[in-house]
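Student: Can you keep this structure in mind? I'll have questions shortly.
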Amino acid sequence: MNTNTLIEVRDLTKYFKTKKGMLHAVDHVSFSIGKGKTLGVVGESGCGKSTTGRAIIRLIEPDSGEVWFDGVDLLSLNQEEIRKKRTELQMIFQDPFSSLNPRKTISETIEEPMRLHNLVPDKKERQLKVARLMDTVGLARRLYNTYPHELDGGRRQRIGIARALSMNPKFVVCDEPVSALDVSIQAQILNLMKEVQEQLGLTYLFITHDLSVVYHFSDDIAVMYLGQIIEKAPSDELFARPMHPYTRALLLAIPVPSIHDRKERVIMKGELSSPINPGQVCRFASRCAYVFDRCTREAPLLQAKDNNHEVACFLYKGE
Amino acid sequence: MMRERSQSKYALEIRDLAVEYRTIEWTARALNGLDLSIEKGKTLGLVGETGAGKTTAGLSIMGLIPNPPGRIASGSILLEGEELLTKTEREYRKIRGKKVSMIFQDPMSSLNPVLTIEDQLTEVIETHEHLSNRECRKKAEQMLELVGIPADRITEYPHQFSGGMKQRVVIAIALACTPALLIADEPTTALDVTIQAQVLETMKNLKNMYSMSMLMITHDLGIVADVCDSVSVIYAGRVVEHGSLEDVFDHTRHPYTIGLFNSLPNMKDRTMKLKPIKGLMPDPGNLPRGCTFAERCDYAQGMCREVYPEKIYRNKEHYVRCHLYLSKTIESEMWNR
């Protein structure tokens, strides 16, 4: 493992058993994230991006794979060990309305993890730390004793961030942290997350469906389709030279808030096919404009190309 | 009367509309003098954030403001020159679905889960058109095909369709009686980008086919650039800037609109820092005196906290409600982003 790598995921797999067969939610996903860096994971609903994020920190137990974090394989730890390790692995959730306990005040919510992990045993000190965290995330101290229902979405998401930061984590999984917020508030929260990342040297796994947000926020981007990473590259590289037909269609589908340099829209036909027993084929084949016979006979693997660009598509040779 | 209606240049004209929601403790002023007009055959984008009054505007046109607690306090809504606010509920029933239809954000909850698509499609046709059962069914099938769903799926139930297809069904229902005006309230917000692109394309094509007018309610300036002819930016229940796409996107004047654009990630340079608008929208139950945006505005002066600004026109269509342009010339490009 590279010394600058904080977390390395190898062949992470999670299938769910359903009546119709095995649902391939996460299928042999591998990636690594450098210390202080952000990996963005994008894809449509049902592509397995949230399951990936949760499986890494074992909020969902993966079926197989390895997650190397600080020299330990997280998947080999027992319940007590992973519980202790979770202080370093935190999560920010999508919906700031349902991820907070409505019967706890803001300060109680932020304080709770510290209390449970006995991180700051002294109560006075803990309260002081809560107040400092509130300053960090831009929550006025007068809100100390208010309840979530008294606050708007942006402030609630700040609580979620403060709660995650209270553990002094090294790695934070952010699952659609801004998609429930209005653009002007979204920008406030994204800026805040960037600031604390720089201050505290945090590493993020940033899960989102919003391509403009992921481009702005991430160093590298992985595109997921039906449980697999189909393309991975540094952000600028991915946006400048998207290779996979799915990524290209995805980028063209973003409505651009400008009336100039309009792109010629190529509208992708069809919808996501079923993730149940997909078989050994390219999972995008049914929607792909460039499909040929090989795509329906075998499954393409992620292949390294120039400029740290990896793509899983038979259109690109040189394997 | 008929002649006057057909001569009207506008499909929809809303003047000085005020809507409030009253409870015992407080009154939330959702709309405070909304002006809106859509030329026939054109699409107007109504852009704003949560709580700005976008949906209330749509519901007012449909006569669907829940009363109580809602109440239309004043104003006028003209649909093809005809006043809607004086209509009785009985008269309104002949208008909804026939002259004006609305599509809601969440296709999962706007369809009835226990009725087949056929039942739901033929219901609106039977209500407004005198057709036999067979003709009704035929028309329903045609509508489905038009929105890109195979007609043989007409006997299925909503849960058998994906989110994008459900929204197509909703569009088919809304357009079944070829209304003059379609109100689309965040029609693609619940959908993935690739499906969103498909649905928007379908809507654009059908709009042109029927030469309908459309009110596109959205928070996404990208969608506005894609489908609209003109834009109204709504803030705290009033339109603060209105103009053609070119006016609003390239000659942005209102500090709020400028703030909205600056909040969006730059797709050319990812290192460019986002410039959010500070603070929050005012509470509709306790609106400040003067300009409702003053508290969040970088350019606010003393006057802004006293008097609500009048419209200042940059050209025949483009106007802003902002005191800045009393002292600055509105033509000056120094305010460009």
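Read the figures in this text as sums done on the coordinates, not as results from a lab. Since we're looking at a predicted model, the values are computed, not measured. Methodologically, a virtual Cβ is constructed for each residue, glycine included, from the backbone with ideal geometry; neighbour enumeration extends over all protein chains shown.
Student: Taking the stretch A:171-262 as the region of interest, what is the percent of Cα-Cα pairs per 5 angstrom bin, listed from the shortest bin to the one with the maximum distance?
Tutor: Per 5 Å bin, starting at zero, the Cα-Cα P(r) for the stretch A:171-262 comes out as 3, 11, 22, 24, 20, 14, 6, 1 percent.
Student: Using +1 on the beta carbon of Lys and Arg, -1 on that of Asp and Glu, and nothing else charged, what's the dipole of the protein assembly as shown about the Cα centre, debye to 20?
Tutor: The dipole magnitude comes to about 720 debye.
Student: Among DSSP beta bridges lying fully in chain B, give the percent that are antiparallel, nearest 5.
Tutor: 60
Student: Restricting to Cα atoms and excluding each atom paired with itself, what does the Kirkwood estimate give for the stretch B:240-337 in Å?
Tutor: It works out to 14.4 Å.
Student: Apply the Karplus curve 6.51 cos²θ - 1.76 cosθ + 1.60, θ = phi - 60°, to the phi angles in the stretch B:159-170 and return the couplings in whole Hz, x for Gly and Pro.
Tutor: Ordered by residue, 3J(HN,Hα) equals 5, 7, 10, 6, x, x, 6, 4, 5, 5, 4, 4 Hz.
Student: Two decimals, Cα atoms only, Kirkwood Rh: what is Rg/Rh over the stretch A:201-319?
Tutor: The Rg/Rh ratio comes out at 0.97.
Student: Right, something else. Is the shape of the stretch A:218-281 best called rounded, prolate or oblate, per the rule: a/c under 1.5 gives rounded, else a/b larger than b/c gives prolate, else oblate, with a ≥ b ≥ c the square roots of the Cα gyration tensor eigenvalues?
Tutor: Oblate.
Student: Can you list residues from other chains, or at least 5 along the same chain, whose modelled amide H is less than 5 Å from the amide H of B:SER37?
Tutor: Result for B:SER37 returns B:ILE14.
Student: Now for a different question. Starting from the Cα coordinates of chain A, work out the convex hull volume and express it per residue in Å³.
Tutor: Once divided by residue count, the hull of chain A is 156 Å³.
Student: Which Rg and Dmax, in Å, describe the Cα atoms of the stretch B:185-297?
Tutor: Over the stretch B:185-297's Cα set, Rg and Dmax evaluate to 16.0, 46 Å.
Student: How far, in nm, would the chain grow between A:HIS260 and A:ARG10 when pulled straight, counting 0.36 nm per residue and subtracting the alpha carbon separation?
Tutor: Full extension of this stretch gives 85.7 nm more.
Student: With θ set to phi - 60°, apply the Karplus curve 6.51 cos²θ - 1.76 cosθ + 1.60 along the stretch A:245-258 and write out the HN-Hα couplings as whole Hz, x wherever there is a Gly or Pro.
Tutor: Rounded to whole hertz, the list is x, 5, 4, 4, 5, 4, 5, 6, 7, 5, x, 8, x, 8.
Student: Oh, and also: Can you give me the three principal axis dimensions of the protein assembly as shown from its C-alpha atoms, in Å, biggest first?
Tutor: 81, 65, 48
Student: Starting from the amide H of B:HIS318, placed 1.01 Å from N in the peptide plane, find each other amide H under 5 Å away whose residue is 5 or more places distant or on another chain.
Tutor: Amide H to amide H, under 5 Å and 5 or more residues apart or across chains, B:HIS318 pairs with B:SER244.
Student: Could you list B:CYS228, B:CYS291 so that the one with the fewest beta carbons within 10 Å of its beta carbon is first and the one with the most is last?
Tutor: Fewest-to-most Cβ neighbours within 10 Å comes out as B:CYS228, B:CYS291.
Student: Grab the alpha carbons of the stretch B:17-123, take their convex hull, and tell me the volume per residue in Å³.
Tutor: Cα convex hull per residue, to the nearest whole number: 151 Å³.
Student: Considering every residue in A:187-198, what mean count of other chain Cβ atoms within 10 Å of its Cβ is obtained?
Tutor: Taking the mean over all residues of the peptide, I get 3.
Student: Also, quick follow-up: For B:VAL193, what charge total do you get from the other residues with a beta carbon under 10 Å from its beta carbon, if Lys and Arg give +1 and Asp and Glu give -1?
Tutor: That works out to -3.
Student: What shape does the stretch B:42-187 take by its C-alpha gyration tensor, where a ≥ b ≥ c are the square roots of the eigenvalues and a/c under 1.5 counts as rounded, a/b above b/c as prolate, and the rest as oblate?
Tutor: prolate
Student: Something else now. Just counting partner chain Cβ atoms within 10 Å, what average do the residues of peptide B:262-272 show around their Cβ?
Tutor: Partner Cβ neighbours, averaged per residue: 6.
Student: Just want the ordering: A:PHE292, B:PHE261, A:PHE284, A:PHE314, from fewest to most Cβ atoms lying within 10 Å of their own Cβ.
Tutor: By the 10 Å Cβ count, ascending, the order reads A:PHE292, B:PHE261, A:PHE314, A:PHE284.
Student: Over the Cα atoms of the stretch A:1-103, each weighted equally, I'd like the Debye log10 I(q)/I(0) at q = 0.10, 0.13, 0.19, 0.21 Å⁻¹, rounded to two decimals.
Tutor: For the stretch A:1-103, the Cα-only Debye profile gives -0.31, -0.53, -1.07, -1.24.
Student: Amide H to amide H under 5 Å from A:SER32: which residues, 5+ apart in sequence or cross-chain, H placed 1.01 Å off N in plane?
Tutor: A:VAL9
Student: Obtain the nm distance between the two label points defined at A:MET22 and A:HIS117 by a simple spin-label model: each point lies 7 Å from its Cα along the Cα-to-C-beta direction.
Tutor: Label-label distance for A:MET22 and A:HIS117, simple model: 3.4 nm.
Student: Please state the shape class of the stretch B:136-183: rounded when a/c is under 1.5, otherwise prolate if a/b exceeds b/c and oblate if not, all from the C-alpha gyration tensor.
Tutor: Since a/c reaches 1.5 but b/c is at least a/b, the shape of the stretch B:136-183 is classed as oblate.
Student: Let me ask something else. What ranking do A:CYS282, A:CYS288 get, fewest neighbouring Cβ atoms within 10 angstrom at the top?
Tutor: A:CYS288, A:CYS282
Student: To continue, here is another question. Starting from the 7 Å offset along Cα-to-Cβ, what nm value, one decimal, do you get for the label separation of A:LEU315 and B:ASP152?
Tutor: Modelled inter-label distance: 3.2 nm.
Student: Now, a different point. Apply 1/(1 + (r/R0)^6) to the Cβ-Cβ distance of B:HIS159 and B:ARG289, taking R0 = 60 Å, and write down the FRET efficiency to the nearest 0.05.
Tutor: 0.75
Student: Which of A:ALA131, A:ALA304, A:ALA140 moves the most in a Gaussian network model of chain A with Cα springs under 10 Å?
Tutor: A:ALA140
Student: Let me confirm one metric for peptide A:176-185, namely the mean number of other chain beta-carbon atoms within 10 Å of its residues' beta-carbons.
Tutor: Neighbouring Cβ atoms belonging to other protein chains average 5 per residue here.
Student: May I ask what percent, to the nearest 5, of DSSP beta bridges between residues of the protein assembly as shown are antiparallel?
Tutor: Within the protein assembly as shown, antiparallel bridges account for around 60 percent of the total.
Student: Just checking chain A: which Cys have no other cysteine's beta-carbon under 4.7 Å?
Tutor: A:CYS47, A:CYS174, A:CYS288, A:CYS313
Student: From the phi of every residue in the stretch A:22-33, what ³J(HN,Hα) in whole Hz does the Karplus formula 6.51 cos²θ - 1.76 cosθ + 1.60 yield, where θ is phi - 60° and glycine or proline is x?
Tutor: Those phi angles translate into 7, 8, 7, 6, 10, 10, 6, 8, 10, 6, 9, 10 Hz.
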